[in-house]
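One structure is given below, encoded as structure tokens.
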């Protein structure tokens, strides 16, 4: 299998022994398909009534990575919370494989911003929590499944460490594995690499691509880095300024496995230009509406020339 | 166990001496005693009224052989432990209930907020009238000292639990009771322990004051008796004993606490 390009700093996926092909999972469940139909979500806040998502429709195709981008405050995190079942929409429908979403469940696992590993459990216990609580796997079987996953992300020597003893990058890898071990139909990633330095971030992206290409689940990946989105995604959904709806979906038909070298290719550059233009339009609207972070998009657009 | 701890510390002493921070600390403490001794010897105004360290040391050496001295330790410790344990038995479940149930919080919390600003010491006279025996009244004020601290720390600890832990657990398939046992409880444990440590400190403040007023046993009374009888070195011996007793009990709580929260130690 092709491994993304090498970078200094941490152990690379390349250095890890290839786990036996069938060690995990016994059989991946069929990846799920999410249908979102004219979703509507509003909040009653202290500063008044606020529509966050309005008339948002989206098909998340099975076995692909759908990246979601948009100006800050456009409801990306709210969309993730609705898909995960943490919050209920005020209107519209969300279904996974034709079944309506009514609450949280292990078929849709979330990888949170920063980290949500339980601080009181070790790396191994964190990863084992899902299978244990649902009494699906135990004993040696559980142990071997988890250890083979931890090896894939270079954490086998950290199985008995607490999250506070891991670096930021290690915590994110542990969290990816904690979600993956449950063999979810869909993974929901809400800016999972936010807060990491640029080097660790691109390394994390390589680990993520490696895991995805092994296990091919449906992925919804919220990001605010265009390059991250383009390198990861099969489809890039651009969300409008608040109230958010899908402005356009770009097909990212770049060959897999992917690495940094793609960034010079003409297809990549033309996709990037198109995406930047769309994002720029929405960022300007958001900027006028007072969101400060949209200045970042304007800056990025200017740098692009 | 305590002795083993001290022994281990002593063994590390030569190595520790090389640490500048520790050297400075020791010099400052020795300096303090030297100045104190000099002040007492030369009858410096105001400060000279305090008995000198040598007088105190001699008095302490006498006291160590007195059954009465150890009896004072014993009776204070029993009051502290009884009040403190009852405060935990009632306070921890109440704190958890208030933390988890909004309804309970809305009904009970205003009452607590009403009682809490009254310092536990202000309860001493009324509890002496209220309770049939002096012993009970002292245990009661000790209990009050620890109770509110524990309850409030737990409520705040639960309110501060990061929503993401609860969401992560429910996504992974945890039921409501799983979330209580596996997320809420461990997540609030550190603040429970902080509440206990602070509560233990308050407990000692309260018991000493209560003993001075309401009884004729305990370390507080020992100190007070020194004052009444004009045995000034005795006052200082009493003060030192109370300080040491408080230090030992807080240290024990911290130690036991770390056994239950290993993830906090390994930072």
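In terms of the Cα gyration tensor, with a ≥ b ≥ c the square roots of its eigenvalues, is chain B rounded because a/c is under 1.5, prolate because a/b exceeds b/c, or oblate? It is oblate, given that a/c is not under 1.5 and a/b is not larger than b/c. Between residue B:231 and residue B:259, the FRET efficiency estimated from the beta carbon spacing at R0 = 35 angstrom works out to 0.25.
At full extension, residue B:129 and residue B:58 could sit 21.6 nm farther apart than now, given 0.36 nm per residue minus the alpha carbon distance. Using r as the Cβ-Cβ distance of residue A:216 and residue A:43, and R0 as 51 Å, what FRET efficiency do you calculate, to the nearest 0.05? For R0 = 51 Å, the calculated efficiency reads 0.90. Using a cutoff of 8 angstrom between alpha carbon atoms and counting only pairs six or more residues apart, the relative contact order for segment A:150-296 works out to 16 percent. Which of rounded, prolate or oblate describes the protein assembly as shown when judged by the alpha-carbon gyration tensor and an a/c cut-off of 1.5? It comes out prolate by the Cα gyration axes.
The helix-only estimate of mean residue ellipticity at 222 nm for chain A, built from DSSP H runs of length n ≥ 4 each weighted as -39500 (n - 2.57), is -11000 deg cm²/dmol after division by the residue total. Whole angstrom only: what separates the Cα centroid of segment A:89-162 from the Cα centroid of segment A:179-226? Going from one Cα centre to the other spans 14 Å. In this label model, residue B:11 and residue B:42 are separated by 4.4 nm, measuring between points 7 Å along each Cα→Cβ vector.
Within the protein assembly as shown, DSSP assigns beta bridges of which about 55% are antiparallel (rounded to the nearest 5). To test your reading of the geometry: what angle, between 0 and 90 degrees and rounded to tens, separates the Cα axis of helix B:20-41 from the longest principal axis of chain B? Compared with the principal axis, the helix lies near 40 degrees.
With 0.36 nm allotted per residue and the present C-alpha distance subtracted, the residue A:134-residue A:98 stretch has 10.6 nm of extension available. Tell me, what is the percent relative contact order of chain A, built from C-alpha pairs under 8 Å that lie six or more residues apart? For chain A, the relative contact order is 26 percent.
Each label was represented as a point 7 Å from its Cα along the Cα-to-Cβ direction; for residue A:157 and residue B:161 these points are 3.6 nm apart. Rounded to the nearest 10 degrees, the angle from helix A:198-215 to the longest Cα principal axis of chain A is 70 degrees. Based on C-alpha pairs under 8 angstrom that are at least 6 apart in sequence, segment A:117-180 has a relative contact order of 50 percent. Taken along the Cα-to-beta-carbon direction at a fixed 7 Å, the label points for residue A:277 and residue B:113 span 5.8 nm. The stretch between residue B:29 and residue B:178, if pulled fully straight at 0.36 nm per residue, gains 48.5 nm over its current Cα-Cα span.
Each reported figure results from applying straightforward, stated rules to the coordinates on display, with no laboratory input. Quick caveat: nothing in here was measured; it's all calculated off a predicted structure. In this analysis, Cβ positions are derived from the backbone assuming ideal geometry, glycine residues included, and neighbour counts consider all displayed protein chains.
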